[in-house]
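To keep things clear, I will list the structure first and then write my remarks on it.
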Amino acid sequence: MNTILNSTRFCFAAISFSLLISCSNNDYVQPDPEIRPLTSNEQEIVHASNEFAMNMLSGINAAYEDQNVFISPFSISTALSMTLNGANGETKEAIKEVIGLKNLSDETINQTYKDLVAYIYGLDRGVTLNVANSTWYKQELTILSSFEDLLREFYSAEVKEANFTDPATLDLINNWIEHETNGKIKDMLDVIPPNAVMYLINAIYFKANWSVQFDPDKTENRNFTLTDGNVKQVPTMYADAVTYRSSYDNENKLRLIDIPYGNGAYGFTIIMPDDPSLIDQVVNEFTIADMEKMLQDTRESTLEVYLPKFKIEFKELLNDYLAAMGMGVAFTGQADLSRLFEEDLNLAISRVIHQSFLEVNESGSEAAAATVVEIVETSLPPVLRVDRPFLFFIRERNSNTILFSGKLIDPEIE
């Protein structure tokens with residue numbers, strides 16, 4: 001497995017829920033979200049994106065069963081959606097298959113992506129959300145105008161001609177990613193190889209306050225049970241009255257806890273097994289259908305909450321995972337990416353790099369991620385009480401679009 005970086009830094013806490021009948025003392029007031037029914041195409045893309053989220057998280061988790069994991073499947077699928085517009089034949093179909101959109105036309109995928117992003121942007125004015133796309137290409141080549149126009153119209157992408165032999169170009173690309181993620185994703189690209197011809201990049205940044213914030217003065221050490229059953233004391237946040245939704249799966253012994261941000265349009269959704277040793281099994285076996293059912297069964301409560309406080313930084317090369325999911329042809333000499341340039345070139349994807357950041361603290365959550373698809377010229381194959389491990393998601397709650405997902409097994413892994 002090609003790991004670029006996986007460093008995690010945590011100041012974590014346990015969560016506990018105990019019954020409390022009282023009203024929130026939080027002064028945060030937001031207008032109700034402007035919710036509309038999703039179109040059938042939007043529903044299909046959201047469902048496919050969420051299925052991709054589960055599959056990708058499960059694949060990565062197999063390589064990191066003893067570590068914390070955090071990704072943005074939304075960022076990955078967006079970068080791949082842009083890329084498929086430059087592909088043909090088996091390569092295009094393989095990308096569509098992996099992101100779950102094989103039954104939709106390119107035009108439908110692009111228009112629905114544009115509509116869905118516009119929709120989730122307007123749901124909560126108190127939430128900071130930035131979704132940015134860019135394409136950088138080698139200045140000696142001529143990008144197809146049809147591809148450039150499509151990126152600009154449907155993905156609001158910046159399209160930049162660049163000198164790939166100039167060391168300053170690496171800084172320009174990395175600085176663009178850093179800027180669009182509010183400084184959270186830095187130095188993402190390590191090098192521009194001599195045969196590189198294009199980079200397709202998605203960046204996403206999210207920052208939101210809890211609907212009911214935690215009191216920093218009440219953060220203190222409490223118990224957290226690890227996968228091996230050992231208990232350790234870790235920093236823990238506290239709020240005296242949080243209105244949240246939860247449900248319990250008696251058959252699988254899982255609890256879902258959904259804690260709202262802002263006006264309730266976004267939520268931090270926890271899936272926690274009773275047995276902490278089963279967290280990897282849950283990551284591997286839990287499905288979107290399981291989550292949808294548990295969400296349908298939720299009931300609202302107002303309780304005291306002790307919630308983990310933590311920070312995760314994660315970076316990974318996704319080639320092996322995407323190839324295992326069915327996209328292998330895109331990384332070989334048989335790739336067909338003939339809709340990118342006017343020139344007749346032998347092209348392939350050489351790297352799909354993903355980097356992410358998450359901090360959960362007393363105020364709320366700050367999350368960022370970026371995905372880089374590197375295209376090269378080649379004639380050869382390119383090289384209740386949340387006191388146990390849990391799976392988690394940051395999602396838009398009406399459409400159920402998963403923006404970020406992760407797994408926490410140890411609050412204090414360095």
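The values are calculated or read from the model by the stated rules, or taken from the named source; none is laboratory data. For clarity, every value in this text was computed on a predicted model and none was experimentally measured. Glycine also receives a Cβ, built like all others from the backbone with ideal geometry; neighbour counts cover every protein chain displayed.
Would you please name the residue that is surrounded by the fewest Cβ atoms within 10 Å (Cβ to Cβ), looking only at residues in segment 275-306 that are within 17 Å of residue 410 (Cβ to Cβ), within 21 Å of the chain's Cα centre (by Cα) and hydrophobic (A, V, I, L, M, F, W, C)?
The qualifying residue surrounded by the fewest Cβ atoms within 10 Å (Cβ to Cβ) is 282.
Yes or no, residue by residue, for (1) closer than 29 Å to residue 184 by Cα; (2) out of contact with any Ser or Thr (no Cβ under 7 Å at 6 or more places or on another chain); (3) among the β-branched types (Val, Ile, Thr); (4) not assigned by TED's automatic domain parsing to the domain that holds residue 190:
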| site | (1), (2), (3), (4) |
| --- | --- |
| 290 | no, yes, no, yes |
| 294 | no, no, no, yes |
| 316 | yes, no, no, no |
| 323 | yes, yes, no, no |
| 329 | no, no, yes, no |
| 339 | no, yes, no, no |
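Can you say whether residue 222 is more than 27 Å from the chain's Cα centre (by Cα) and under 24 Å from residue 366 (Cβ atoms), as far as the supplied structure shows? Please lay out each step first, then the result.
On the way: more than 27 Å from the chain's Cα centre (by Cα): yes; under 24 Å from residue 366 (Cβ atoms): yes.
Answer is yes for this residue.
Any idea how many residues of segment 241-256 are modelled with pLDDT under 95, among the aliphatic types (A, V, I, L, M) and either crowded, with 20+ Cβ neighbours inside 10 Å or not in a strand (DSSP E or B) (or both)?
Looking only at that region, the number is 1.
Going residue by residue through segment 104-119, is there one that turns out to be outside any strand (DSSP E or B), surrounded by fewer than 20 Cβ atoms within 10 Å (Cβ to Cβ) and touching a Gly at 6+ places or on another chain (Cβ under 8 Å)?
The answer is no, given that none of the residues of segment 104-119 is outside any strand (DSSP E or B), surrounded by fewer than 20 Cβ atoms within 10 Å (Cβ to Cβ) and touching a Gly at 6+ places or on another chain (Cβ under 8 Å).
Does residue 165 satisfy the criteria of being closer than 25 Å to residue 314 by Cα and either at pLDDT below 95 or out of contact with any helix residue (DSSP H, G or I) (no Cβ under 9 Å at 6 or more places or on another chain) (or both)? Reasoning before the result, please.
Numbers: closer than 25 Å to residue 314 by Cα: no; either at pLDDT below 95 or out of contact with any helix residue (DSSP H, G or I) (no Cβ under 9 Å at 6 or more places or on another chain) (or both): yes.
It is false that residue 165 is closer than 25 Å to residue 314 by Cα and either at pLDDT below 95 or out of contact with any helix residue (DSSP H, G or I) (no Cβ under 9 Å at 6 or more places or on another chain) (or both).
Pick out the one residue from 93, 107, 97, 42 that is acidic (Asp, Glu), closer than 21 Å to residue 153 by Cα and modelled with pLDDT of 95 or more. I'd like the intermediate steps shown before the answer.
Details: 93 fails: closer than 21 Å to residue 153 by Cα; 97 fails: closer than 21 Å to residue 153 by Cα; 42 fails: modelled with pLDDT of 95 or more.
Going through 93, 107, 97, 42 in turn, just one is acidic (Asp, Glu), closer than 21 Å to residue 153 by Cα and modelled with pLDDT of 95 or more: 107.
Here's the yes/no breakdown for (1) aliphatic (A, V, I, L, M); (2) in the same structural domain as residue 193 (by TED's automatic domain parsing); (3) over 24 Å from residue 374 (Cβ atoms):
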residue	(1), (2), (3)
78	no, yes, no
98	yes, yes, no
101	yes, yes, no
106	no, yes, no
114	no, yes, yes
123	yes, yes, yes
